[in-house]
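Encoded as structure tokens, the structure appears first; notes follow it.
Please treat every number below as a calculation from the coordinates, not as lab data. Everything quoted here is computed from the prediction, not taken from an experiment. As a convention, Cβ positions derive from the backbone with ideal geometry for all residues, glycine included, and neighbour counts pool all protein chains shown.
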């Protein structure tokens with residue numbers, strides 16, 4: 001059975017955007033290479049993921065591209081308000097948008113979510129944070145709230161900070 005598609009996505013303009021705009025091409029290639037669809041893509045996450053792969057991109061460039069994708073009926077751009085991230089809520093398959101832009105498919109499939117998935121961000125994701133719990137000792141757990149798009153560089157900085165915390169030397173083993 002062929003996938004259900006959304007005829008409202010203008011794939012010819014989507015391909016033109018891909019061909020003529022390097023920023024859009026980088027974002028669309030990232031979407032195309034994702035393992036699974038996302039119901040929502042935040043500006044911060046896109047910047048982080050593209051930065052991790054060596055692409056220099058500004059917040060303004062990402063927002064402009066997401067607004068263009070909204071005009072092509074791929075999703076709805078929502079500016080960040082009240083602590084929520086600026087984001088696009090996909091109306092169709094986010095991965096399919098990237099594939100259609102690259103000419104791999106002719107129509108963008110509608111996003112079909114697995115049971116239990118949702119298009120909305122969790123409260124933590126909406127605030128750009130995830131809570132991590134670490135069992136430090138048998139009777140002591142520590143909790144860290146970290147950005148959902150924590151980069152390897154930020155993780156290394158945090159690890160260096162934690163290594164500097166002890167006031168007494170560790171016992172010799």
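A few comments on the model shown:
- Proxy reagent accessibility, fewest Cβ within 10 Å first, across 33, 49: 33, 49
- Relative packing of 97-107, 139-149, 53-63, 155-165, which averages over residues the other C-beta atoms within 10 Å, highest first: 97-107, 53-63, 139-149, 155-165
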